[in-house]
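**Q** To start, I am sharing the structure in question, which I have written as structure tokens.
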2 protein chains.
Amino acid sequence: MKWLHFGFLLFTFEYSICQTPEVLQVRKYVTQREHVIIDEFMSFLSIPNVASDSVNIRRNAALIQEMMRKRGIENIQLLTGINDRFPPVVYGEVKTPGAKETIIYYAHYDGQPVNPDQWARGLDPFNPKLYSGSIPNGGKEISVSKSSRFDPETRIYARGSSDDKAGVIAVLNAYDAVIANGLKPTHNIKFFFEGEEEAGSPHLQEILEKYKALLQSDCWIICDGPVHQTGKKQIVFGVRGDAHLDLTVYGPKRPLHSGHYGNWAPNPAMMLAKLLASMKDEEGKVTIKGFYDDVKPLSDLEQKAIKDVPSVDQQMKKELGLKEAEFKGKSLGEAINLPSLNINGMQSGNVGKLASNQIPTSATVVLDLRLVVGNDWKKQQQKVIDHIRNQGYTVIDHEPTDAERLEHSKLVKVASDDFAYNAQRTSMDLPIAKKIIAAVQSTTSEQVVLQPTSGGSLPLYMIEKYLGSKSITVPIVNHDNNQHAENENIRLANLWSGIETMAAIMRMK
Amino acid sequence: MKWLHFGFLLFTFEYSICQTPEVLQVRKYVTQREHVIIDEFMSFLSIPNVASDSVNIRRNAALIQEMMRKRGIENIQLLTGINDRFPPVVYGEVKTPGAKETIIYYAHYDGQPVNPDQWARGLDPFNPKLYSGSIPNGGKEISVSKSSRFDPETRIYARGSSDDKAGVIAVLNAYDAVIANGLKPTHNIKFFFEGEEEAGSPHLQEILEKYKALLQSDCWIICDGPVHQTGKKQIVFGVRGDAHLDLTVYGPKRPLHSGHYGNWAPNPAMMLAKLLASMKDEEGKVTIKGFYDDVKPLSDLEQKAIKDVPSVDQQMKKELGLKEAEFKGKSLGEAINLPSLNINGMQSGNVGKLASNQIPTSATVVLDLRLVVGNDWKKQQQKVIDHIRNQGYTVIDHEPTDAERLEHSKLVKVASDDFAYNAQRTSMDLPIAKKIIAAVQSTTSEQVVLQPTSGGSLPLYMIEKYLGSKSITVPIVNHDNNQHAENENIRLANLWSGIETMAAIMRMK
């Protein structure tokens, strides 16, 4: 990689000449095919893709099968768990004669639920539109004639444009580009396009277990998520685990008039405030006993990688209107390599126009626990529960009975989610990891950002647990893509460059 | 009153024989008219009565005028302040030839805001329903044929059923009962039914000043609130003052993914929890500096009255499912004679099905401050604000600007309600107070409970300040009426007995 550093220093403003000849071949092919790619993408985006919409989710799956057939991909099939009514995985494969390795390319074609009312005027989540740029930066709707090229700053607005139909399109067109240039992938390829990732992948485990033989591979490439906030390409070697706890504390059995009983009857909102306040200190550090134990130390290579990640702390503080971070003395990169405790939501009584002079009967909080490698989600939850007990609470798993209420002054109902899971991390110095790093680096003159983990969570531990395979995430889309929210979009420059990235991985040596 | 005590001792199980013949006459009249009274009440409860619903509030006022006209009440009119678009007071009067005293009977016809989703299945705040008893005690919806009497344990569920359309119904039907028995009130009567009490009586002062001449009287009878928790009748000589503060603290400008940014970006729910937790100690005592200063000491008579109030602490704890009170070492009677700080509502992000993996952008709490005689509401609010500043917060009165966000790590928007007011207390040994005590005592064989103050609040200080009149509160409804909350209800036995109480006052000597 040394010459790349050299190139980076010398040719910052002459970016394209640093790439390998193969990358330039791919780029040329993509340039010539822009309209074909966009037409295919727009048709794909026109089909609603919320996982619970069983009719349309199958239309998406059928279209992906058709896209695979056109490309001569083999053994195309729909994989489902025990019950075949849930959104299927669309599977296909390409055998490379003589290849010893097999790589599975993963993307998901379902998207987050949509509330069309929240989208900008003129946008419809499932009627994709081209804009001259991002809407907050003044982008306007455009049409591009078949005879002219797309400005790379063009955006497509639609649900799934970035998360993650872009992954499907990038992987399939990367394969086209490799073949069209008379080349072959350097490994056997398996395509695995999931249909209910945004619903929490509730049947992924079943599918992995059922198709264990079919899904053998040396590594999964997860094509999902955004490039670094600086715009640089990045490779992410792990994801945090995730678990939740819903806590409800109790005041009087019925709502009371806050004048007649205020400061006599216990107020559950105040009880919850005191309980939550006990969980973090003024420096943003979680005070729950043993909360930071169990963390598997980062390797030297991983520590170095974190140091090398360009700092976005100042940029993000400005963008988010924050004077300082919650966790004093920790950068964003350091914070996401630690387990965290976060409040997703908190409610008791009503505020605003619905507020009334009452003592509420209960107060509820949703706690989100992010986990890093070494944490066991059940154990991490248990630390929180033990802490709650140490604050004098009696923990129950149901609405309190009258007898329980009279016996215990501090009652808390604790509910856990069923789909909690642990973190996963692939070592950066595995041979396959090194090959993937080199392949991605070959497509850009800028230093590729290497992240030991993402702050976010995916159930990638399943791939390791049920198949014994590694996984590495190679994201391609712009970071301002409004993933999971209204006005989701992709910047075409990211799509083109994502196809190059995937093609380079298919040709990794 | 001595013979009543005597009667009480001898005839505990023969309650009705202790009342005066007039009370029995009233009771008989009410018994015969039950269905007429309930029909009128149900029609009244069917009209939504949130003060901000200007169309329906006027429909309520029109119906009350009609109810007054039917009874031959005179000089019926709507009283408004400077701007006549706010909910009017419905006024009427009855002159008693030769009478020297004038009593104003007060009730309010508006109710607290409603969130129908929080009401029990089958209930609708403005579609009143009859139940065989209270829902927590297994009451079921019933219908009662015109030919049969109502079980006195029957409840009506609807917003305003207790607070305080019951007051309007009791006063008007008491007047009917007096007249129907060929009697006359012993004083001139003025009816004053307010339409925005639950909104904080924002125009009451204007109305009192504008109609000062019309509203001259010797005393106001405030028919609002519940009887004593033992079920005994009570007379309340004062009210606490009330002030609110809405606090909003801020996290990131836009909702953030709790994985990518959790424990790095400040979480406003955690900030608010810490701020609230700093306001009370583990003993339930408010820790805000000077919070309990300024309180005017109780007179000997008032202190004795408090001692004589039957203790309901154990009963209420059992009823409310509470092992212990929030304010350690204080009885309910002591607690309501102190200023209090209470959380009415608290919210950040979402809980339950709407919860998502986010860091919310803000967290809001509504604080309710109850005041006793001696407290000035502005000064009491200021103590809280000073405390917030001492926790490192910068206090603003608007949504923060980008510049403010980047300059201050702890920002809080503080909004006060405009209609806060101080406490008021009438001496128990005034001649008019003694006459009212005797009248109420004449309706019951049980000792009437005398309370120097109510825990609740009404702007009664205005009556003293702007009209120079005394006010005494004579509540009638059941204490478990869910006033201000979902499933508000009235027990019919309380309505019947409330009519008797008001009729006895109209005949006081």
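The values are calculated or read from the model by the stated rules, or taken from the named source; none is laboratory data. Owing to the predicted nature of the structure, the values given are computational and were not obtained by experimental measurement. Here the Cβ is made from the backbone with ideal geometry for all residues, glycine too, and neighbour counts use every protein chain on show. Remember, those area values only see protein heavy atoms, side chains included, never the ligands or the DNA or RNA. Shrake-Rupley method; radii C 1.70, N 1.55, O 1.52, S 1.80 Å.
**Q** Find which of B:His408, B:Val449, B:Ala438 sits farthest along the positive direction of the dipole of the stretch B:406-454, computed with +1 on the beta-carbon of Lys and Arg, -1 on that of Asp and Glu, about the Cα centre.
**A** Looking along the dipole axis, the top candidate is B:Ala438.
**Q** Further, regarding this structure: Any aspartates and glutamates with Cα under 12 Å of the A:Lys289 Cα? List them, leaving off those in the same chain fewer than 8 positions away.
**A** List returned: A:Asp386.
**Q** Across every pair of different alpha-carbon atoms, what Kirkwood hydrodynamic radius in Å does the stretch B:322-450 reach?
**A** Across the stretch B:322-450, the inverse of the average 1/r is 19.4 Å.
**Q** Accessible area drop of at least 50 Å² (1.4 Å probe, protein heavy atoms): which residues of the stretch A:323-345 qualify, relative to the chain alone?
**A** Residues losing area: A:Lys323, A:Glu326, A:Leu332, A:Asn342, A:Ile343, A:Asn344.
**Q** Let me ask another. Summing Lys, Arg as +1 and Asp, Glu as -1, what charge do residues with Cβ under 9 Å from the Cβ of A:Arg425 carry, A:Arg425 excluded?
**A** Computed value for this residue: 0.
**Q** Related question: Taking every Cα atom in the stretch B:137-188, find the radius of gyration and the maximum pairwise distance Dmax, and write them in Å.
**A** Radius of gyration, then largest Cα-Cα span, for the stretch B:137-188: 15.0, 44 Å.
**Q** Hey, another quick one. Using a 7 Å offset from Cα along the direction of the beta-carbon, what are the separations from A:Val395 to the same position in each other copy, nm, ascending?
**A** Spelled out, the distances from A:Val395's label point are 4.0 nm.
**Q** On to the next question. Mind checking which of B:Ile73, B:Tyr91, B:Ala120 is farthest towards the positive end of the stretch B:34-178's charge dipole, using Cβ charges of +1 (Lys, Arg) and -1 (Asp, Glu) about the Cα centre?
**A** With unit charges placed on the Cβ atoms, the residue in question is B:Ile73.
**Q** Give the A-B buried accessible area in Å², both sides summed, 1.4 Å probe, nearest 100.
**A** By this definition, chains A and B bury close to 7700 Å².
**Q** When only C-alpha pairs under 8 Å and at least 6 residues apart count, what is the relative contact order of the stretch B:220-352, in percent?
**A** After rounding, I find 23 percent.
**Q** If you average the C-alpha positions of the stretch B:178-229 and of the stretch A:168-228 separately, how far apart do those two centres end up, in angstrom?
**A** 77
**Q** With r as the distance between the Cβ atoms of A:Glu153 and B:Gln382 and R0 = 60 Å, compute the FRET efficiency 1/(1 + (r/R0)^6) and round to 0.05.
**A** 0.65
**Q** Across peptide B:360-366, what mean number of C-beta atoms from other chains lies inside 10 Å of a residue's C-beta?
**A** Taking all residues of B:360-366 together, the mean is 5.
**Q** Using a simple charge model, +1 on the beta-carbon of Lys and Arg, -1 on the beta-carbon of Asp and Glu, nothing else, what dipole does the stretch A:118-179 show about its Cα centre, in debye to the nearest 20?
**A** 200
**Q** Here is a further query. Please list, in chain and number order, the residues 5+ apart from A:Ile396 or on another chain whose amide H is under 5 Å from its amide H, with Hs placed from the backbone.
**A** Here A:Val412, A:Lys413, A:Val414 satisfy the definition.
**Q** Whole-Å semi-axes of chain B's equivalent ellipsoid, largest first, each the root of 5 times a Cα gyration tensor eigenvalue?
**A** Ellipsoid half-lengths, sorted descending, are 42, 25, 24 Å.
**Q** Something else: How big, on average over all directions, is the shadow cast by the Cα convex hull of the stretch B:50-155, in nm²?
**A** Approximately 10.5 nm², given one-decimal rounding.
**Q** Label-to-label distances across copies for B:Arg254, with labels 7 Å out along Cα→Cβ, in nm, shortest first?
**A** Label point to label point, same position, other copies: 4.7 nm.
**Q** Counting just the Cα atoms, what span does the protein assembly as shown cover along each of its three principal axes? Round to the nearest Å and put the largest first.
**A** 115, 51, 51
**Q** What nm distances, shortest first, do you get from the label point of A:Ala415 to those in the other copies when the point sits 7 angstrom along Cα to Cβ?
**A** Copy-to-copy label distances for A:Ala415: 3.0 nm.
**Q** Continuing with the same structure: Quote the charge dipole size of the stretch B:392-453 about the Cα centre in Debye, to the nearest 20; the model charges only the Cβ of Lys and Arg (+1) and of Asp and Glu (-1).
**A** Magnitude of the dipole: close to 500 debye.
**Q** Here is a follow-up. Where the centre of each part is set by its Cα atoms, how far does the stretch A:113-162 sit from the stretch A:56-94, in angstrom?
**A** Each part reduced to its Cα centre gives a spacing of 27 Å.
**Q** Taking the Cα centre of the stretch A:18-102 as the origin, how large is its charge dipole in debye, to the nearest 20, when only Lys and Arg (+1) and Asp and Glu (-1) carry charge on their Cβ atoms?
**A** It works out to roughly 120 debye.
**Q** Can you give me the C-alpha center-to-center distance between the stretch B:331-390 and the stretch B:430-493, rounded to a whole angstrom?
**A** Spelled out, the Cα-based centre of one part sits 27 Å from the other.
**Q** With θ set to phi - 60°, apply the Karplus curve 6.51 cos²θ - 1.76 cosθ + 1.60 along the stretch A:484-493 and write out the HN-Hα couplings as whole Hz, x wherever there is a Gly or Pro.
**A** Once rounded to whole Hz, the list reads 6, 10, 6, 6, 4, 8, 10, 8, 4, 4.
**Q** Sorted by mean Cβ packing within 10 Å, highest first, what order do the peptides B:101-110, A:132-141 take?
**A** Going from most to least packed, we get B:101-110, A:132-141.
**Q** Oh, and also: Would you list which aspartates and glutamates come within 13 Å of A:Lys95, measuring only between C-alpha atoms, while excluding same-chain residues fewer than 8 positions from it?
**A** Partners found: A:Glu74.
**Q** OK, next. For the stretch A:381-391, take each phi angle, set θ = phi - 60°, evaluate the Karplus expression 6.51 cos²θ - 1.76 cosθ + 1.60, and give the result in whole Hz per residue in order, putting x for glycine and proline.
**A** Taking θ as phi minus 60°, the curve returns 4, 5, 4, 5, 5, 4, 4, 4, 4, 5, 8 Hz for the stretch A:381-391.
**Q** Next question. At a 1.4 Å probe, what is the % contribution of carbon and sulfur to the accessible area of the stretch B:328-447?
**A** Its accessible area is 48 percent carbon and sulfur atoms.
**Q** Separate question: When the helix-only estimate is applied to chain A (DSSP H runs of n ≥ 4, each -39,500 (n - 2.57), divided by the residue count), what is the mean residue ellipticity at 222 nm, nearest 500 deg cm²/dmol?
**A** Value at 222 nm, helices only: -9500 deg cm²/dmol.
**Q** So, one more: Taking a 20 Å limit on the Cα-Cα distance, which of the listed pairs A:Lys165/A:Lys318; A:Lys413/B:Lys285; B:Lys190/B:Lys210 fall beyond it?
**A** Distance filter (> 20 Å) returns A:Lys165/A:Lys318; A:Lys413/B:Lys285.
**Q** Could you state the accessible area per residue of the protein assembly as shown in Å², with a 1.4 Å probe and every protein chain left in place?
**A** Heavy-atom accessible area per residue stands at 39 Å².
**Q** A further question follows. Write down the Kirkwood hydrodynamic radius of the stretch B:209-307, to one decimal in angstroms, obtained as one divided by the mean of 1/r over all alpha carbon pairs.
**A** With all distinct Cα pairs of the stretch B:209-307 included, I get 19.8 Å.
**Q** Right, another one. If the cut-off is a Cα-Cα distance under 18 Å, which aspartates and glutamates reach A:Lys70, setting aside same-chain residues fewer than 8 apart in sequence?
**A** Answer for A:Lys70, where 18 Å is the Cα cut-off: A:Glu34, A:Asp39, A:Glu40, A:Glu93, A:Asp176, listed by chain and number.
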